[in-house]
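The values are calculated or read from the model by the stated rules, or taken from the named source; none is laboratory data. Everything quoted here is computed from the prediction, not taken from an experiment. Because the Cβ atoms are built from the backbone with ideal geometry, glycine has one as well, and the counts that use them run over all protein chains shown. All accessible areas refer to the heavy atoms of the entire protein, side chains included, with ligands and DNA or RNA removed. Shrake-Rupley method; radii C 1.70, N 1.55, O 1.52, S 1.80 Å.
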Amino acid sequence: MQTRFVVVLGSLMSGLGKGVVTSSILKLLDLYNYRALPLKFDGYLNMDAGTMNPYQHGEVFVLNDRSEVDMDFGMYERFLGRDLTGDLSITGGKIFSKVISKERTGDYLGEDVQIIPHLTGEIVRWIENVSEEKKIDVLVIEVGGTVGDLENGYFIEAMRQLALKRKVVFVNLTYLPTNSGEQKTKPTQLAFRTLMQLGIRPDFLVCRCSGRIKEKTKEKLALFTNLTQERIINDSNTKSIYELPLQLLAQNFDKMLLKDLGLEERGMDNAALEKFRGNVDKILNPAKTINIAAVGKYTGTDDTYVSVKEAVVHAAAIFGARPNIAWLDSSGLDDLDDEGIAKVLSGFDGIIVPGGFGKRGVEGKIKAIKYARLGKVPYLGLCLGLQLMVIEFARNVCGLDGANSTEFDGNAKHNVVDLMPEQRGLKEKGGSMRLGSYACVIRNAGTMAFKAYQSSNIEERHRHRYELNNEYRKVLQDNGLVISGVSPDDSLVEIVEWGEGFGIGTQAHPEFKSRPGSPSPLFKSFVSACMSFQERKDLSSAAAWRTPAFEEPASLT
Ligand code: GLN
């Protein structure tokens, strides 16, 4: 079957949830057993997301094949439950460099190389090649940025050209602000006109608004856009992003889309739909709450650790719990003493230290880890979280004063975490870390790692340059640190754990592979430990509260 295309464009402003709309469309097509995959265009001139600041751009997501991509890929994978590849990500950097290197090798000899037709032609070719290679029924293309931006103008033009020869359905996401109780359509009318000027007439308007779109608003929008009212789709705020596919189903969006794409409306996979509904229901209706502190560096935005957050949500849902995650900026803990740290962290049922780079806030994280180890508070360390767990253990248990990572102190007395040998001398910053999926062997069936994974051979995704220094393996182990996972050739430590309490650190980022209904094994074990910790805490505080009332009166003894 020839590939069909859906193009998702956003108007007016960023942050409306184009990624969720794209992922929901993918999910619907998948429920009809069509092979649907995403493709994302990002207009920046970086080759990939790897060299961007997570604070500004959000999490850098890593795929099995080493690609460092936009965080929307995490959402696509979570909705679709499928591993994706880097050729589904086109950036301004990638496409320009392709055209320029073709020009140098003489591919366009004699021509003046232009945005149209050369750059746009290259985009269309890329999209057609990917669709053919992967035998895709429907490719859902998300155009990053907002309609009217300079950065994505040539890509939108390429989409217009694609529609000249292939079946393309355009979905335009827009926003309806409310003023004095009235939903305002003027911004959307103007946005619609901008798209029409670019030669594109959307087939659906998906409207973000608080509450539902009023009938009057729909009538007005239909009049201005030539769309029938049923094609003006409600995308109201939901408690969970996973509700949107269900919202779209309720509006018959799936049926209209299939018709537009010229695809037969074969029966939906009802078992898969019910399973999805069940997972959403578990997320929406938890019986309990657990409180988790995530001690990180980039805590000012929701986007930086989105996969960590999602992985906790998936794991908690399995146990009927809602996670309450407090994102604590570790620099605020740097100067606190043990008592101060205890004050900040005492209410939590578990502590996570996620991945990170650079020195700022590292000491605060190490203090939080010490608090968790001594207080037997469940701890999960992700990448940097493993490295700092090792540093804390070296300093405070092995007595190696001045233990550190060479990343933070080049002259550390004990560089228990050091640059990996293959990273030495590397000048290039882009795409040069230890990236992508790597195998790990779990040695001992008695370890927390084995209990979590139930297997001795696992694979997780990585993104790091530093690693536990093998020269210190022995002293760490002699003092009780368990090295439970190593690379198959035993050259790299992959997982460490404390001998007592629940504390585990992984050099990988297991959060990247967590999905609703099938959470990451390590997150599942961690959340289960948090729930037991909470129960024990509740019992002991109940006991402490009850003690005086149950004391035998002196006169009776
Ligand atoms: N900065 C550390 C390293 O490069 C950890 C990286 C991470 O947490 N992803 O090894």
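When the range 411-431 is limited to residues that are open to solvent by 20 Å² or more (accessible area, probe 1.4 Å) and polar (S, T, N, Q), the one that is nearest to the chain's Cα centre (by Cα) turns out to be 415. Sub-8 Å Cβ pairs linking a first residue in the range 362-384 that is hydroxyl-bearing (Ser, Thr, Tyr) to a second residue that is in a helix (DSSP H, G or I) and within 16 Å of the ligand (Cβ to nearest atom), at least 6 apart or interchain, are 379/369; 379/389, ordered by first then second residue. Residue 364 meets all of the listed conditions (1) modelled with pLDDT of 95 or more; (2) within 16 Å of the ligand (Cβ to nearest atom); (3) open to solvent by 30 Å² or more (accessible area, probe 1.4 Å); (4) not polar (S, T, N, Q) but one, namely (3). In summary, helices (runs of 4 or more DSSP H) completely within the range 163-253 and bearing 2 or more residues that are hydrophobic (A, V, I, L, M, F, W, C) and farther than 30 Å from residue 128 by Cβ occur at 215-225, 244-250.
Which one of 416, 377 is assigned to a strand (DSSP E or B) and farther than 23 Å from residue 62 by Cα? First the steps, then the outcome.
Numbers: 377 fails: assigned to a strand (DSSP E or B).
Answer to the selection: 416.
Of (1) surrounded by 15 or more Cβ atoms within 10 Å (Cβ to Cβ); (2) part of a strand (DSSP E or B); (3) away from the ligand (no atom under 16 Å from the Cβ), residue 439 satisfies all except one. Which? It is condition (1) that residue 439 fails. Selection within the range 376-410: residues that are within 15 Å of the ligand (Cβ to nearest atom) and open to solvent by 40 Å² or more (accessible area, probe 1.4 Å). The member of this set that is farthest from the chain's Cα centre (by Cα) is 410. Do we find that residue 239 is farther than 20 Å from residue 8 by Cβ and either among the basic types (Lys, Arg) or open to solvent by less than 60 Å² (accessible area, probe 1.4 Å) (or both) in this structure? For residue 239, the condition - farther than 20 Å from residue 8 by Cβ and either among the basic types (Lys, Arg) or open to solvent by less than 60 Å² (accessible area, probe 1.4 Å) (or both) - is met. When residue 321 is tested against (1) more than 30 Å from residue 285 (Cβ to Cβ); (2) of a type outside the set (S, T, N, Q); (3) surrounded by 13 or more Cβ atoms within 10 Å (Cβ to Cβ), only condition (1) is not met.
Report yes if residue 103 is surrounded by fewer than 16 Cβ atoms within 10 Å (Cβ to Cβ) and under 27 Å from the mean Cα position of the chain (by Cα), otherwise no.
Values: surrounded by fewer than 16 Cβ atoms within 10 Å (Cβ to Cβ): yes; under 27 Å from the mean Cα position of the chain (by Cα): no.
No.
Check whether at least one residue in the range 346-356 is away from the ligand (no atom under 16 Å from the Cβ), assigned to a helix (DSSP H, G or I) and over 30 Å from residue 15 (Cα atoms), and report yes or no. The answer is no, given that none of the residues of the range 346-356 is away from the ligand (no atom under 16 Å from the Cβ), assigned to a helix (DSSP H, G or I) and over 30 Å from residue 15 (Cα atoms). Of the residues making up the range 442-474, those that are within 16 Å of the ligand (Cβ to nearest atom), open to solvent by less than 60 Å² (accessible area, probe 1.4 Å) and not aromatic (Phe, Trp, Tyr) are 460, 461, 462, 463, 464, 465, 467, 468, 469.
Every residue, every condition in (1) within 16 Å of the ligand (Cβ to nearest atom); (2) open to solvent by 10 Å² or more (accessible area, probe 1.4 Å), yes or no:
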| position | (1), (2) |
| --- | --- |
| 476 | no, no |
| 492 | yes, yes |
| 499 | no, yes |
| 502 | no, yes |
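Residues that are open to solvent by 30 Å² or more (accessible area, probe 1.4 Å) and of a type in the set (A, V, I, L, M, F, W, C) were ranked within the range 327-359; the one that is nearest to residue 370 (Cα to Cα) is 342.
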